[in-house]
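In what follows, a single structure is set out as structure tokens and then discussed.
No value in this document is a laboratory result; all are computed from the given coordinates. In this text the structure is predicted, and so the values were computed from the model without any measurement. Cβ placement follows ideal geometry from the backbone for every residue including glycine, while neighbour counts extend to all protein chains displayed.
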Amino acid sequence: MGVREIQVAAHNLNHSLIVHELDDVCDSVTGRPLTGSWLWDSALVLSHWMPTHLNFHGKAVIELGAGAGLPGLTAALLGATRVLLTDVQPLLAGLLKNVEANGFEGRVDVRELVWGSDESISGLTESSTFDVVLMSDVFYDPEEMVGLSRTLKRICEEGTEIWAASELRPWTGECLNELRDQGFQVVEIVTSQLGVQEGVEDCNEFAIFQIVPPLAENCNVSTTPVREF
Ligand SMILES: C[S@@+](CC[C@H](N)C(=O)[O-])C[C@H]1O[C@@H](n2cnc3c(N)ncnc32)[C@H](O)[C@@H]1O
């Protein structure tokens, strides 16, 4: 825990982002630290991959389950006009600190968004539409996927792209199958060597997925062969 400096490099950019991790934010019921208090390797993997694969110029971006918010902050650095970092309420102060630490006030906002909660979404979609949804390390509990799907369906419009990075764990496939059952198409874009990079400490396998919402199923998606999970 502490402050981390994460390098973001593209052909015309070499910049670092400041990310504070929290060590005093616990679940009020279990007393355990909230998982979003610190940066997960999937966030490093996605942030590292984004500059060379996605164009954020002029885009409106939302990050779900943002934790410390690295992918969303990376989108802001790469030219997104507007970024909304969302997570459960106790993590919002930490997210705000990271927005301020990088001088993104005014362009990056922070808001509570609990997956599946209509209350969280109300007011959000009337005033905003999003071009890109980012998620890292959110495929760890199959039971959460129905709520996550509901939120994704509410915030996505025709043309909204969803990109997600995940460590591949024994239950990742189950989470992805839940998304498929909810009508999403799951396209595996890249896997394996992603973990072998600066800042990612273990050699676990990671993947980046494009998640295609039901209404956009016929839009252009990568033709990379899809591995079944
Ligand atoms: C493993 S952490 C990943 C955090 C961050 N995305 C990263 O990669 O560093 C999972 C995140 O999902 C958030 N999350 C889990 N269930 C959620 C829910 N039902 N609604 C909103 N956020 C949720 C957690 O609070 C946490 O920030």
Exercise for review: Calculate the length of the line joining the C-alpha centroid of the stretch 140-177 to that of the stretch 1-51, in whole Å.
Suggested key: 20 Å
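First select every other residue whose beta carbon is under 14 angstrom from the beta carbon of THR74; then total the charges, Lys and Arg +1, Asp and Glu -1.
Around THR74, the surrounding residues sum to +1.
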Study note, to complete from the structure: Largest fluctuation, THR86, THR35, THR160 only, Gaussian network model of the chain with Cα springs under 10 angstrom, belongs to THR35
Practice item. Along Cα→Cβ, 7 Å out, is where each label goes; now give me the distance between the ones at SER16 and GLU143 in nm to one decimal. Key: 4.1 nm
Exercise for review: Determine the sum of side-chain charges near PRO142: Lys and Arg each +1, Asp and Glu each -1, restricted to other residues whose C-beta is under 13 angstrom from that of PRO142.
Suggested key: -4
Review point. Across the Cα atoms of the stretch 59-177, what radius of gyration and what greatest pairwise Cα-Cα distance (Dmax) are found, in Å?
Key: 13.7, 40
**Study point:** Antiparallel content of DSSP bridges confined to the chain, in %, to 5
**Key:** 55 percent
Exercise for review: With a point put 7 Å past each Cα toward its Cβ, work out how far SER122 is from SER28 in nm, to one decimal.
Suggested key: 2.0 nm
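So if I take the alpha carbon set of the chain, get Rg, then get Rh from the Kirkwood formula, what is the Rg over Rh ratio?
Dividing the radius of gyration by the Kirkwood radius yields 0.93.
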